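So the structure is just underneath, and the comments pick up after that.
The values are calculated or read from the model by the stated rules, or taken from the named source; none is laboratory data. The shown structure was predicted, so the numbers you read here are calculated from the model rather than taken from an experiment. Note that each Cβ is placed from the backbone with ideal geometry, even for glycine, and that neighbours are counted across all protein chains shown.
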Amino acid sequence: MEGDIVQMGAYIGAGLACLGMGGAGIGVGHVAGNYLAGALRNPAAAPGQTAFLFIGIAFAEALGIFSFLVALLLMFAV
Amino acid sequence: MAEANGGLQIKPMDQFMVKPLFGGDTVGIFTITNVTLWMAMTVLAVTLLMVVGARGRALVPTRGQSMAELTYSFIYKMIEDVTGRDGVRFFPYIMTIFMFVFFSNVLGLIPWSFTTTSHIAVTAVLALSVFITVTVLGFVLNGASFLRLFWVDSAPLALRPILALIELISYFVRPVSHSIRLAGAMMAGHAVAKVFAGFAAALGAAFFIPILAVTALYALELLVAVIQAYVFTILTCVYLKDALHPHH
Amino acid sequence: MAADANDAVGMPQLDFATFPNQIFWLVVTVVVIYMILSRVALPRIGSILAERAGTITADIDAAETYKRQAAEAEAAYHKALDDARAEAHKVAEKMRAEIQADLDVAIAKADAEIAARTAESERRIGEIRDSANEAVEAVARDAAHQIVALFGVTAEEKAVTDAVSARVKGGVA
């Protein structure tokens, strides 16, 4: 009984942790959208900034992956 | 957890298991496992692309040689752009990291294969080696002035200690995020693909819906595999730049 | 959780028993890749790229040289053409001047000849006219003498002659 409650809590926690991925999605979209807006304003400067685009996406995405990892840990390791 | 919902037997984490290849249950340090096999495949792929592809030394390149040259120039230019000209002497190291991560990611997409980079042990060793190299290199090249990396001169004086603390924390979080980003991205994609494939098996006649989803996911995963290798490499370059030029 | 030996217990990534194995093979792999890349692949590709860059540079230099030579040849051609044109112009000018000089001389000569002939002709015309006048006067005098004689008037010969001469001169004039 007690174990079931713990498992339920873990699964609920895992589901809640997945909300963090939405934040990462917003972040990645923000980075990519601003890059596109800037690139359309000044297309000549765009190719030099693609590295920063990917670095920004990587940083934003990392946090989503952390939340995914928390969800996985709750489901499989707790 | 699989037993809880009866017929639906999805075990998304099974594919990440390290198993001995030639019998036995224990995984000792020198045991030949699927890790060994797929790392050997990575070596093979690197050799095929970079050595066999370029063996012709043709002035007008063949397809294979052209790919090898493109890979070479891509990483070379990345290092030159991010770290400046003096980072070029680390080219073989960064190229090694890129080739290993890239081929591990891509080979891991083959069905029934094993993705070595989805394991935190592997990525953590890579990220820690980068972290330690950068830190040692920073102190060797710049002496104590490497610590000025954490002291933001352009900020108001009152804010500088707080910023230094934040910079210090973010510096030590680097290997964590560096390794978990790669392992997590690889693991997530493969686990989700497995879950969808399990749906296909469970749905019976409507199997084609999850199959389509898996196909789309697979294309996305291919993109992610390449981008994660790129990101791992470019972050290595960014960290290396801090060691070479610690002043903001 | 499944307890089967072939199933993953929790996350395989957190199974620390497999860490030494993975790390060992990772180090081996990375060292092997590093050796392959740094000893064989990268120097080879680097030399290929350098060679190609050298060849391209050399070719561009050669093309540049050829282009310059072509430009020089064109310049020389244009110069030769201009020179030839100038020379032709000069020769033509000279020829024209010579011809003009010859022509001037010839015209002057012809003018002089014409003037001389004109003068000669005028002189002869004058002579003819004079002789004609004299003839007319003689005829008129003779005719006057005859007429006077026929009228039976003995006139002084000299008076008749003077009268006739005056008349002829006045009439002619």
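Of all the helices (runs of 4 or more DSSP H) wholly in chain A, which have at least 2 residues that are modelled with pLDDT under 90 and charged (D, E, K, R)? So that I can check it myself, show each step before the final result.
Details: elements: A:2-17, A:19-41, A:50-72.
Ranges flagged: A:2-17.
Check B:Val152 against each of (1) over 30 Å from B:Ile110 (Cβ atoms); (2) part of a helix (DSSP H, G or I); (3) touching a residue at least 12 places away in the same chain (Cβ under 8 Å) and name the one condition it does not meet.
Tallying (1) over 30 Å from B:Ile110 (Cβ atoms); (2) part of a helix (DSSP H, G or I); (3) touching a residue at least 12 places away in the same chain (Cβ under 8 Å), B:Val152 fails exactly one: (2).
On the basis of being β-branched (Val, Ile, Thr), touching a Phe, Trp or Tyr at 6+ places or on another chain (Cβ under 8 Å) and either at pLDDT below 90 or closer than 30 Å to B:Thr116 by Cβ (or both), does C:Ile45 make the cut?
yes
Give region B:52-63 a look and list any residue that's buried (at least 17 other Cβ atoms within 10 Å of the Cβ) and closer than 15 Å to B:Phe103 by Cβ, or say none. First the steps, then the outcome.
Step one: of region B:52-63, the residues buried (at least 17 other Cβ atoms within 10 Å of the Cβ) are B:53-54, B:61.
B:Gly53 - this is the single residue of region B:52-63 that is buried (at least 17 other Cβ atoms within 10 Å of the Cβ) and closer than 15 Å to B:Phe103 by Cβ.
With respect to the numbered conditions (1) more than 24 Å from B:Arg181 (Cβ to Cβ); (2) at pLDDT below 90; (3) at the interface with chain B (Cβ under 7 Å from one of its Cβ atoms), which one is the sole condition not fulfilled by C:Ala8?
Unmet condition: (1).
Go through region A:33-58 and give me each residue that's hydrophobic (A, V, I, L, M, F, W, C), within 12 Å of another protein chain (Cβ to nearest Cβ) and either surrounded by fewer than 16 Cβ atoms within 10 Å (Cβ to Cβ) or without any contact (Cβ under 8 Å) to a residue 24 or more places away in the chain (or both). If you could, list the steps in order and put the result at the bottom.
We begin by selecting, within region A:33-58, every residue hydrophobic (A, V, I, L, M, F, W, C); these are A:36-37, A:39-40, A:44-46, A:51-55, A:57-58.
Narrowing the set further to residues that are within 12 Å of another protein chain (Cβ to nearest Cβ) leaves A:51-55, A:57-58.
Selection gives A:Ala51, A:Phe52, A:Leu53, A:Phe54, A:Ile55, A:Ala58.
For region B:201-228, which residues satisfy the criterion of being crowded, with 18+ Cβ neighbours inside 10 Å and touching a Phe, Trp or Tyr at 6+ places or on another chain (Cβ under 7 Å)? Spell out the reasoning first.
Going residue by residue through region B:201-228, those that are crowded, with 18+ Cβ neighbours inside 10 Å are B:210, B:214, B:217, B:221, B:224-225, B:228.
Across region B:201-228, the qualifying residues are B:Pro210, B:Val214, B:Leu217.
Looking at B:Leu165, B:Leu235, B:Leu240, can you tell me which residue is among the hydrophobic types (A, V, I, L, M, F, W, C), more than 17 Å from A:Met21 (Cβ to Cβ) and within 11 Å of another protein chain (Cβ to nearest Cβ)?
B:Leu235
Evaluate region C:27-39: report whether one residue or more is within 14 Å of chain B (Cβ to nearest Cβ), over 27 Å from B:Thr115 (Cβ atoms), at pLDDT 90 or above and in a helix (DSSP H, G or I). Working first, answer last.
Taking region C:27-39 first, the residues within 14 Å of chain B (Cβ to nearest Cβ) are C:27-39.
Checking which are over 27 Å from B:Thr115 (Cβ atoms) leaves us with C:39.
Keeping just the survivors that are at pLDDT 90 or above gives C:39.
Now restrict to residues that are in a helix (DSSP H, G or I): C:39.
Among the residues of region C:27-39, at least one is within 14 Å of chain B (Cβ to nearest Cβ), over 27 Å from B:Thr115 (Cβ atoms), at pLDDT 90 or above and in a helix (DSSP H, G or I), which makes the answer yes.
I want to confirm something. Restricting to region B:109-123 and keeping residues that are touching a residue at least 12 places away in the same chain (Cβ under 8 Å) and surrounded by fewer than 23 Cβ atoms within 10 Å (Cβ to Cβ), which single residue is nearest to C:Met11 (Cα to Cα)? Don't jump to the end; show me each part of the working.
If we filter region B:109-123 for residues that are touching a residue at least 12 places away in the same chain (Cβ under 8 Å), which is where we start, we get B:109, B:113-120, B:122-123.
From the residues that got through so far, the ones that are surrounded by fewer than 23 Cβ atoms within 10 Å (Cβ to Cβ) too are B:109, B:113, B:120.
Numbers: B:Leu109: 19, B:Ser113: 18, B:Ile120: 11 Å.
Ranking the qualifying residues of region B:109-123, first place goes to B:Ile120.
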